[in-house]
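Structure first, then comments.
The values are calculated or read from the model by the stated rules, or taken from the named source; none is laboratory data. This is a predicted model, so every value here is computed, not measured. Glycine gets a Cβ as well: all are built from the backbone with ideal geometry, and neighbour counts include every protein chain shown. SASA here: full protein model, heavy atoms, side chains in, ligands and nucleic acids out. Shrake-Rupley method; radii C 1.70, N 1.55, O 1.52, S 1.80 Å.
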Amino acid sequence: KAYFLAWIFGPQVIAGVLAVTGFIVANIAGDRSGPDPAAFLVFLLLALISMIVGVVFACKLLYRLWTVIQGEDARTTPGKAVGFCFIPFFNFYWFFQAYRGWTLDYNKLVKRRGLNLPPAPEQIGLWYSICVCGQLIPCVNYLAGPAALVMYILFICKAIDSANALLAAQDGTPKAVTGQSDVIA
């Protein structure tokens, strides 16, 4: 969990620091006519690159989670789960399939195989998807954004635990959802 939390949220924090630093440097480097836009743009570009790193690791996690439950009952493939999140407008529907759908498919798989594992967090996946869509609504977005962040962190923690439990139950040996695993991360 620490691996994905660090690689998903660490670059986002770094991007925020770079953006603020760029604003400060641009105002210090500027002359009396105003801030220096070139200095700000350099820091903004570095912040954008940092944010992209975080998004790549979030996609990597979603892909690996879907890889764990592939079989006859999976509603989608790992590639579609990640790729369809990038289709404009459709992605708001797809978040429900990719996140809550993963929990539903996981729980169905565990039940069908008769495994004694804790269920995946269906409600957290649902509320995360709702909060993401709620960010489109003016004024609601002030509450939906922070709520989506909290729900996403909870989803990551619970989903990784669930996937690790399923992997351990399948092989009889403990495995971890980490960046070094061939299966998930």
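Listed here are the residues, each with its yes/no results for (1) closer than 19 Å to TRP7 by Cβ; (2) modelled with pLDDT of 95 or more.
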{"site": "PHE84", "(1), (2)": "no, yes"}
{"site": "LYS111", "(1), (2)": "no, no"}
{"site": "TYR128", "(1), (2)": "yes, yes"}
{"site": "VAL140", "(1), (2)": "no, no"}
- Message: Between ALA15, ALA58, ALA81, ALA98, which is touching a residue at least 40 places away in the same chain (Cβ under 8 Å), within 17 Å of the chain's Cα centre (by Cα) and crowded, with 18+ Cβ neighbours inside 10 Å?
- Response: ALA58
- Query: Take the residues of region 61-78 that are among the charged types (D, E, K, R) and without any contact (Cβ under 8 Å) to a residue 40 or more places away in the chain: which is least open to solvent (accessible area, probe 1.4 Å)?
  - Reply: ASP73
